[in-house]
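Each remark here refers to the structure printed beneath this line.
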């Protein structure tokens, strides 16, 4: 399997196809993750993704599809539909760890062969957040998949999965599950020799401050949630 040829370009943004704007479409220095998790295993998701890709200029940065963990037959069919659109990669939301990454890798390999695409040319980003198995697993991600580019840390997914709060007011600190998960994401990425990015919240204050905190904690950068955050994170 060959190593994928594209690199994630900062700034980064994760958004639904209908939230794209002309300011984002034409950016030459941004990676956009299209969130098509809703009904992604249906033809409708592929249609939305195609429209969004058509709006993105060829000179723009990489475009990835954010999907959930696939089933078997339906998941393979959906992946093949999406791979036919030739995205730069996929972001696997709700990832449970190495086994999920390996399964998705195999499904991508089959889809690439079906469409005559070079094996391993489509990248993969694993999200740590919604599935606590990823957080608790001690298995290393090193050499799990040569197409694995990075980990994205989804703090919202962690707080929802643990029924905890982002900020523990009584203790005057970040919630304990969030602290543990953030550290685990960075450590897992460093063990595997890949980057780790923190997905911002919609209501984050100054995204530049959040980015600086993330960088100090060992993250490679942050992923914006909306156009305003993207603009704030862009080089002046």
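Sequence gap at least 6, Cα distance under 8 Å: using those rules, report the relative contact order of the chain to the nearest whole percent.
It comes to 18 percent, rounded to a whole number.
Where the centroid of each part is defined by its Cα atoms, how far is segment 206-236 from segment 71-124 in Å?
28
Considering only DSSP beta bridges where both residues belong to the chain, give the percentage that are antiparallel (nearest 5).
Close to 5 percent.
Note down the nm distance, to one decimal, between modelled labels 7 Å out along Cα→Cβ at residue 117 and at residue 136.
The modelled label-to-label distance comes out at 3.4 nm.
Is segment 12-233 rounded, prolate or oblate when judged by the Cα gyration tensor, a ≥ b ≥ c being the square roots of its eigenvalues, rounded requiring a/c under 1.5 and prolate requiring a/b larger than b/c?
Here segment 12-233 falls in the oblate category.
Where does each of 174-180, 78-84 land if you order them by average Cβ count within 10 Å, highest first?
78-84, 174-180
Simple spin-label model, 7 Å along Cα-to-Cβ: residue 6 to residue 103 in nm?
2.5
Using mean Cβ contacts within 10 Å as the protection proxy, how do 47-56, 110-119, 223-232 order, highest first?
Per-residue mean Cβ counts within 10 Å order the peptides as 223-232, 47-56, 110-119.
Between residue 167 and residue 84, how high is the FRET efficiency from 1/(1 + (r/R0)^6) when r is the Cβ-Cβ distance and R₀ = 35 Å? Nearest 0.05.
Efficiency, rounded to the nearest 0.05: 0.20.
Give the percent of DSSP beta bridges with both residues in segment 85-206 that are antiparallel, rounded to the nearest 5.
10
Taking 0.36 nm per residue of separation and subtracting the Cα-Cα distance, what length does fully extending residue 16 through residue 191 add?
Full extension from residue 16 to residue 191 adds 59.9 nm.
Here, each number is a calculation from the coordinates, and none is a lab measurement. Being a predicted model, the structure only gives us computed values, none of them experimental. In this analysis, Cβ positions are derived from the backbone assuming ideal geometry, glycine residues included, and neighbour counts consider all displayed protein chains.
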